[in-house]
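Remarks on the structure that follows.
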Amino acid sequence: MYKDTRKDIPEECLEYTYLSIMSRKLRIGIVGGGKVGYIKGKNFIYKGCNVDVLSLDFVEEFSKLKDINLIKGEYYKDFIKDKHLIIIATDDYNKNLEIKKDCEDEYKIYIFTSEHLKGMAVAPVQRNLNNISFSVNTKNGNPKGSLMIADKVAELLKNYDDFIGYSSFIRKQAKSLKENKGDIIKFVCSEDFKYIYEKGKDKLVIDMFFGKEVSNKIYKNL
C-alpha cells in the first residue's frame, strides 16, 4: 500500500491562471544571453513570438536562431517598456532582483528563471495538433512530469483533432443562421455527434434533426 504523502506537499503549491495569447502580437524581452536565455528564446521564437534578447555576451547557440533580435549591452530599464513579458535570466542575482523590481514598477509579466517562485509567471509545456493546442503545468514545479503528462494528453487528443476541426467548421456556418444555431452548435460539439461523424452519417443526421434547408446552408461550403 502506498504511503499517504499529502502532508509532504509544500505550502507554496501554486494556483495558475492561463491565457492563450496570440503569438504574433506578443513581445518578449529576455535579459541574459546564456543557456537559459537561449532555451527560452528558442521556445518562444518557435511559437511565433517577437523576441528581443539583451546581454553583454551570447552563447554560440544564439547564432543558429532566426527571427530573433540580439542586443549587445548592459541592462537598462527602457528595454522592458515596450514588452509584454520579460524573462529574467542573467547570472547576476542582484541584477535579476533589480530587473524584477523594474518589472513590478512597470506592471510587466515576468519569469524569474533561477527561482520560479520569485516570478509572476512560468512557461508551461505546450503541444499543438492541427486543430487543438494545449498547455500543461504542475503545481509543485515538476518540468519532467509536465512533459510526461503533455505527451499522454497529446496521444488522447489525436483522436479528437480531426473532429474538432470539422465541428468548428459546422459551428462557424451555423452562427450565420437565424434559427436553431444554438441547438446546432450544442449538438455538433458532443460525443454523440463525434460518433455519428466517424460513421459518416453526420449530414444525414443534421438533415433529420434540423431539416434539409438548414443542412444545405451548413454544408454548402464544405
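The values are calculated or read from the model by the stated rules, or taken from the named source; none is laboratory data. From a predicted model like this one, the values you see are computed outputs, not experimental measurements. Neighbour counts are summed over all protein chains in view; Cβ atoms, including those assigned to glycine, are modelled from backbone coordinates with ideal geometry. Surface accessibility is based on the protein's heavy atoms, side chains included, excluding ligands, DNA and RNA. Shrake-Rupley method; radii C 1.70, N 1.55, O 1.52, S 1.80 Å.
Points to keep in mind about this one:
- Using a simple spin-label model with pseudo-atoms 7 Å out from Cα toward Cβ, D82 and E98 lie 2.3 nm apart.
- The mean accessible area for residues of the range 180-219, using a 1.4 Å probe and ignoring ligands and nucleic acids, is 65 Å² per residue.
- Put simply, the amide H of V53, placed in the peptide plane, has neighbours under 5 Å in I30, N69, L70, I71, leaving out anything fewer than 5 places away on its chain.
- Along the chain, the longest continuous region that contains none of the GluC sites (Glu not before Pro) in a DSSP loop with at most 16 other C-beta atoms within 10 Å is 116-178.
- Full extension of the chain between Y219 and C189 gives 9.2 nm of extra length, using 0.36 nm per residue less the Cα-Cα distance.
- Solvent exposure of the range 32-110 as accessible area per residue, Å², 1.4 Å probe: 58
- Once the chain from E106 to K64 is taken as fully extended at 0.36 nm per residue, the excess over their C-alpha distance is 11.9 nm.
- Residues listed by number, the range 122-148, amide nitrogen under 17 Å from D161 label point at 7 Å toward C-beta: 126-136
- Surface composition of the range 10-163: carbon and sulfur make up 51 percent of the accessible area, probe 1.4 Å.
- Equivalent ellipsoid semi-axes, the range 108-175, via Cα gyration tensor eigenvalues times 5, rooted, Å: 31, 16, 7
- Cα-based Rg of the range 91-213 normalised by 2.2 N^0.38 Å, two decimals: 1.63
- Pairs of Lys residues in the range 37-91 that lie 8 or more places apart, or on two chains, and have C-alpha atoms under 19 angstrom apart add up to 14.
- For the chain, excluding the exposed loop sites themselves (chymotrypsin sites (Phe, Trp or Tyr not before Pro), DSSP loop, at most 13 other Cβ atoms within 10 Å), the longest remaining stretch covers 108-222.
- Available extension along the chain between R171 and L204 is 10.2 nm, counting 0.36 nm per residue and deducting the alpha carbon span.
- Of every Cα-Cα pair in the range 7-122, the percent that sits beyond 23 Å: 27
- All lysines inside 29 Å of K201 as judged from Cα atoms, apart from same-chain residues fewer than 8 positions distant: K158, K172, K175, K178, K181, K186, K212, K217, K220
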